[in-house]
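Rule-based calculations on the coordinates, nothing more; no lab input. Worth saying up front: this structure is predicted, and the values here are computed from it rather than measured. Don't worry about glycine lacking a Cβ; one is built from the backbone with ideal geometry, like all the others, and counts go over all protein chains shown.
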């Protein structure tokens with residue numbers, strides 16, 4: 001080794017020790033505590049929000065939803081629709097590269113759309129209108145329709161789970177029911193798999209060859225300009241410990257602080273709050289249609305009389321500032337919200353629930369209720385459900401586990417006594433449940449539906465009608481019919497609307513208002 005090479009290596013080593021990058025500037029690291037540890041890495045295989053958040057770090061999308069709810073091109077440069085609205089032509093913008101340095105091609109995008117559409121409720125409905133795909137050249141592809149639908153952009157610009165993230169063709173050709181093992185993306189960050197330690201931390205570094213759009217960032221659209229060199233997601237499940245770390249400056253950001261700790265956190269002058277998801281969230285109970293007794297609609301309907309929303313939101317959120325009772329499948333404050341179909345329901349009428357169970361011939365089969373223990377916003381839901389169900393005449397076997405274990409188990413169709421399940425509770429951001437197509441739990445396409453596997457042809461007919469309709473007033477009428485029907489078939493139950501701001505140190509700036517927390521546009525000086 002020559003003296004010059006030894007000198008250069010010594011300089012680089014010293015720079016690394018001082019926290020400098022190869023370009024000579026100080027490395028900036030944003031340290032965040034997310035709502036969950038990351039153990040699953042395939043954002044198409046699961047709808048879990050931590051995996052969606054991971055997806056936004058490393059993948060990109062063809063279209064994106066901006067802060068006004070409008071769908072804008074993202075990876076797409078130009079987009080054309082034929083006069084008969086049956087031929088949609090997409091041309092990728094210049095400069096798109098995978099993290100391995102190879103160019104993003106049209107064939108990658110077509111394969112990615114197909115894999116996403118096989119799993120996602122919106123994607124499945126979109127594909128029912130598609131007659132075929134055509135790859136015209138490396139940057140251009142075509143989607144041909146059998147009949148017009150507004151689902152093309154609505155689907156490709158879908159902001160939350162499951163997001164149609166683009167992956168290399170070799171990855172996207174993985175069976176959609178099998179998790180991917182190659183995490184090459186084209187997004188603004190690179191996943192450092194060699195530093196990934198579940199239960200400890202997840203690391204992302206800036207992708208220097210990412211070419212942002214020229215427009216300002218807005219929601220999930222516009223230029224994804226990365227202003228930090230490195231993002232570390234620290235796995236701290238104890239809320240008090242996370243808050244102490246934030247107050248001490250050991251971390252910079254908490255995505256989902258405990259509601260009861262907010263007054264303590266915000267009393268510190270170095271901390272501020274930002275509600276990145278101002279439209280809120282909805283707690284939800286999901287029954288499994290495959291196994292007795294929830295294969296019986298009367299048993300599912302009994303839940304509507306057993307439950308009330310107030311008990312759930314009080315047990316989890318506590319402060320009325322951060323919750324509201326909203327007896328609507330589509331969140332209050334959104335265009336299709338309607339509480340009228342649920343008049344007389346969700347009032348804990350235990351006598352009526354008991355009558356329905358008796359009519360259904362419920363034989364006392366214990367309900368295997370999965371209980372998530374490590375996410376503050378979910379932990380108290382299952383105990384409340386258990387208490388109300390038992391008052392209504394159900395027997396309940398509540399089984400506790402961490403959220404990632406629950407996510408893996410809920411995908412199983414096994415009988416509840418053999419590793420399967422009867423029910424669980426979760427939460428959806430408003431963007432995911434704003435209409436009958438986006439609401440994944442309303443997908444009633446039997447085996448093609450997601451976990452819970454509802455099977456109801458009338459629900460699918462209404463969702464088809466919604467997909468074909470362009471008139472907002474007629475869409476509203478269909479959405480109302482969907483809600484009325486769902487009080488009888490019961491794909492799931494809405495259990496209250498809630499809100500939660502993120503908290504961060506005051507040196508963290510630029511967080512975007514969007515249905516998912518994203519880390520481009522953020523500086524941490």
Item to check | At R0 = 30 Å, FRET efficiency that the Cβ-Cβ distance of residue 107 and residue 208 yields, to 0.05 | outcome: 0.75
Checklist outcome for this item: Per residue, the convex hull enclosing the Cα atoms of the range 158-227 spans a volume in Å³ of 144
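With only alpha-carbon pairs counted, each pair once and no self-pairs, how large is the Kirkwood hydrodynamic radius of the range 425-525 in angstroms? Can you show the working numbers first?
Values: mean 1/r = 0.0623 Å⁻¹.
Over the range 425-525, the inverse of the mean reciprocal pair distance is 16.0 Å.
Over the Cα atoms of the range 310-385, compute the convex hull volume and normalise it per residue, giving Å³. Mind showing how you got there, number by number?
Values: hull volume 9.9 nm³, N = 76.
So the per-residue Cα hull volume is 131 Å³.
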Checklist entry - When DSSP beta bridges are limited to those with both residues in the range 281-498, what percentage is antiparallel, rounded to the nearest 5? => result 65
Next on the checklist: If I model the chain as equal point scatterers sitting on the Cα atoms and use the Debye formula, what is log10 I(q)/I(0) at q = 0.05, 0.10 Å⁻¹?
Outcome noted: -0.20, -0.81
Item to check | Separation of the residue 315 and residue 215 label points, Cα + 7 Å toward Cβ, nm | outcome: 4.4
Item to check | On Cα atoms only, tilt of 381-392 relative to the major axis of the chain in degrees | outcome: 10
Checklist entry - Roughly what angle does helix 3-17 make with the longest principal axis of the chain, taking Cα atoms, 0 to 90 degrees, to the nearest 10? => result 30
Next on the checklist: Give me 406, 485 sorted ascending by neighbouring Cβ count inside 10 Å, so fewest comes first.
Outcome noted: 485, 406
Checklist entry - Out of the DSSP beta bridges found with both residues in the chain, what percent are antiparallel (nearest 5)? => result 80
Item to check | 238, 108 arranged by Cβ crowding within 10 Å, fewest neighbours leading | outcome: 238, 108
Checklist entry - Computed from the mean reciprocal separation of all distinct C-alpha pairs, what Kirkwood hydrodynamic radius does the range 281-498 have, in Å? => result 17.3
Checklist entry - Modelled label-to-label distance, residue 97 and residue 458, 7 Å Cα→beta-carbon offset: nm? => result 5.7
Checklist entry - For residue 359 and residue 278, FRET efficiency with R0 = 45 Å and r from the beta-carbon atoms, rounded to 0.05? => result 0.55
Checklist outcome for this item: So the compactness index of the range 41-172, its C-alpha Rg divided by 2.2 N^0.38 Å, takes the value 0.98
Checklist entry - For the pair residue 135 and residue 405, how long in nm is the line joining their label points, each one 7 Å along Cα→Cβ? => result 4.3
Next on the checklist: Using Cβ counts within 10 Å as a stand-in for footprinting exposure, how do 96, 86, 369 rank, fewest first?
Outcome noted: 86, 96, 369
Next on the checklist: Within the range 330-349, list the residues whose amide N lies under 17 Å from a label point set 7 Å along Cα→Cβ of residue 473.
Outcome noted: 336
Checklist entry - Quick one: Cα centre-to-centre distance for the range 451-470 and the range 251-324, in angstrom? => result 26
Item to check | Whole-angstrom gap from the range 184-250 to the range 369-442, using each part's C-alpha centre | outcome: 28
Next on the checklist: Run the paramagnetic zone check for residue 173: 7 angstrom along Cα to Cβ, then residues of the range 87-120 with backbone nitrogen under 16 Å.
Outcome noted: 105-116
Next on the checklist: Can you give me the angle between helix 457-468 and the longest principal axis of the chain, using Cα atoms only, in degrees from 0 to 90, rounded to the nearest 10?
Outcome noted: 50
Checklist entry - Which FRET efficiency value, to the nearest 0.05, do you get for residue 387 and residue 68 by plugging their Cβ-Cβ distance into 1/(1 + (r/R0)^6) with R0 = 35 Å? => result 0.25
